Amino acid sequence: MIRSARLLPALLIAASVVALPLVATPPALAADEESADQIAEKYAALLERDYVYPETGKRYAAAIRAGIAAGRYTPLTGEALGEAIDRDVNAVAPDGHLRLRAPEGAAAPGTPAPVRRPPRVPIEQPEWIAPGIAFIRFNVFPDDPAVTAAAAKFMADHADAKAIIFDLRTNGGGGLDQMDVIFPWLFAEPTRLVTMATRASVDAGGGSPIDGIASLRLVKGDVGMVAREHWATPNADARLRDAKIYVLTSGGTASAAEHFSLAMKHTRRGTLVGAPTAGANHFGRGDDLGGGYSAFIPVGRTYDPTTGKDWEGDGVQPDIAVPPAEALVRVLTDLGVAADEAKRLSDAHMPSRPMERRGPAPAR
């Protein structure tokens, strides 16, 4: 779900372009270097060792090893191998972030290459959408200081807003960097946002993707987990403390964008408008499996510190449920914009990327 400057993004549910794949290896060369069974076994070992829930990790590993023993993976290469292993893993317990990534261009002969969307533009349409109402769309929360600086500038430039609309309907995830320059403007006192818990064995081995982030505070967690709370610390400028905050959500709102959404909902600082989010909760890191293959291993989860519940499979529920394409109209009219003008503005600020969940919703 989350990343920082060191945190690989949990964006695999949304075909991340922030977590760049490893250098492409031609399928034939990959087969020479690493057999299908070797790749599968590496994946099984990583899941058994590092997956956020140890017992589930063992079950994942057992399913993959059963596939190896049955010879299901031996004749496969490229995308076909990744899909076969993913099917076996998801049959055990679906996870919104689990996916084995094949080398670029590794489709089987005669198989159409997968359609790859162009890279996400991190920020779109940061502007005054109407008098006193600021608007910004984040398509991703990347590990990019320039994007973080742009987010900080947006907040400073619109510090006199009576309302800010954060459009996360097409945000596939990322990390905390942009959030940590936004949230200090919105709170009047230090505020606990969410809790993030990493498997203790991963943390102890120096593999926690969230260790060392300044906005996270180490707290006592469940047995076998290391817990850190994400806090918002107010800045010195009080102009936005009472501004209305709206977050537009959809099935395309995934991972770190769900973290942002839950933070606003849990603290009651923002109003979520749209559809339930994607339900991709677990954060983690990328691992090389050899032969150009890689995998994202979820090593932790983010949850509501009051209820202890996360959003895996279910998504974060909106406060005002409307079709995502109508969310901006609803917010603008609630803010007093005339209906015909709200529709015109919504059409002019409609995301170009899909606002639907990619693939079936994971079962709990």
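The values are calculated or read from the model by the stated rules, or taken from the named source; none is laboratory data. Small disclaimer: the values here were computed from a predicted structure and weren't measured. Cβ sites come from the backbone with ideal geometry, for glycine too, and all protein chains shown count toward neighbours.
With region 265-364 as the region, which strands (runs of 3 or more DSSP E) entirely inside it contain at least 2 residues that are under 30 Å from Tyr60 (Cβ atoms), in contact (Cβ under 8 Å) with a residue 60 or more places away in the chain and of a type in the set (Gly, Ala, Ser)? Can you show your working first?
Details: elements: 271-274, 283-290, 293-303.
It comes to 283-290, 293-303.
Could you please find all residues in region 138-149 being buried (at least 24 other Cβ atoms within 10 Å of the Cβ) and not aliphatic (A, V, I, L, M)? Give the steps one after another, and end with the answer.
Filtering region 138-149 for residues buried (at least 24 other Cβ atoms within 10 Å of the Cβ) gives 138-142.
Phe138, Asn139, Phe141, Pro142 - these are the residues of region 138-149 that are buried (at least 24 other Cβ atoms within 10 Å of the Cβ) and not aliphatic (A, V, I, L, M).
Just to be sure, is Thr307 within 24 Å of Ile245 (Cα to Cα), polar (S, T, N, Q) and surrounded by fewer than 17 Cβ atoms within 10 Å (Cβ to Cβ)?
Numbers: within 24 Å of Ile245 (Cα to Cα): yes; polar (S, T, N, Q): yes; surrounded by fewer than 17 Cβ atoms within 10 Å (Cβ to Cβ): yes.
It is true that Thr307 is within 24 Å of Ile245 (Cα to Cα), polar (S, T, N, Q) and surrounded by fewer than 17 Cβ atoms within 10 Å (Cβ to Cβ).
Within region 254-291, which residues are within 12 Å of Arg101 (Cβ to Cβ) and either modelled with pLDDT of 95 or more or acidic (Asp, Glu) (or both)?
In the first step, residues of region 254-291 are kept if they are within 12 Å of Arg101 (Cβ to Cβ); the result is 286-289, 291.
If the condition is that a residue be within 12 Å of Arg101 (Cβ to Cβ) and either modelled with pLDDT of 95 or more or acidic (Asp, Glu) (or both), then Asp287, Asp288, Leu289 are the ones that fit.
Could you list, in sequence order, all residues of region 130-157 that are in contact (Cβ under 8 Å) with a residue 40 or more places away in the chain and within 22 Å of Met350 (Cβ to Cβ)?
Ala130, Ile133, Phe135, Arg137, Phe138, Asn139, Val140, Phe141
Can you pull out the residues in region 229-264 that are in a loop (DSSP other than H, G, I, E, B) and under 19 Å from the mean Cα position of the chain (by Cα)?
Taking region 229-264 as the starting set, the residues that turn out to be in a loop (DSSP other than H, G, I, E, B) are 233-243, 250-255.
If the condition is that a residue be in a loop (DSSP other than H, G, I, E, B) and under 19 Å from the mean Cα position of the chain (by Cα), then Ser250, Gly251, Gly252, Thr253, Ala254, Ser255 are the ones that fit.
Looking at Asp167, is it of a type in the set (Asp, Glu), within 27 Å of Glu341 (Cβ to Cβ), touching a residue at least 40 places away in the same chain (Cβ under 8 Å) and crowded, with 23+ Cβ neighbours inside 10 Å? Working first, answer last.
On the way: of a type in the set (Asp, Glu): yes; within 27 Å of Glu341 (Cβ to Cβ): yes; touching a residue at least 40 places away in the same chain (Cβ under 8 Å): yes; crowded, with 23+ Cβ neighbours inside 10 Å: yes.
The answer is yes for Asp167.
Out of Ala227, Ala238, report the one residue that is out of contact with any His (no Cβ under 7 Å at 6 or more places or on another chain) and closer than 18 Å to Ile182 by Cα.
Values: Ala227 fails: closer than 18 Å to Ile182 by Cα.
After applying the criteria, what remains is Ala238.
Going by the conditions given, is Tyr60 assigned to a helix (DSSP H, G or I), surrounded by 17 or more Cβ atoms within 10 Å (Cβ to Cβ), among the aromatic types (Phe, Trp, Tyr) and touching a Leu at 6+ places or on another chain (Cβ under 9 Å)? I'd like the intermediate steps shown before the answer.
Details: assigned to a helix (DSSP H, G or I): yes; surrounded by 17 or more Cβ atoms within 10 Å (Cβ to Cβ): yes; among the aromatic types (Phe, Trp, Tyr): yes; touching a Leu at 6+ places or on another chain (Cβ under 9 Å): yes.
Yes.
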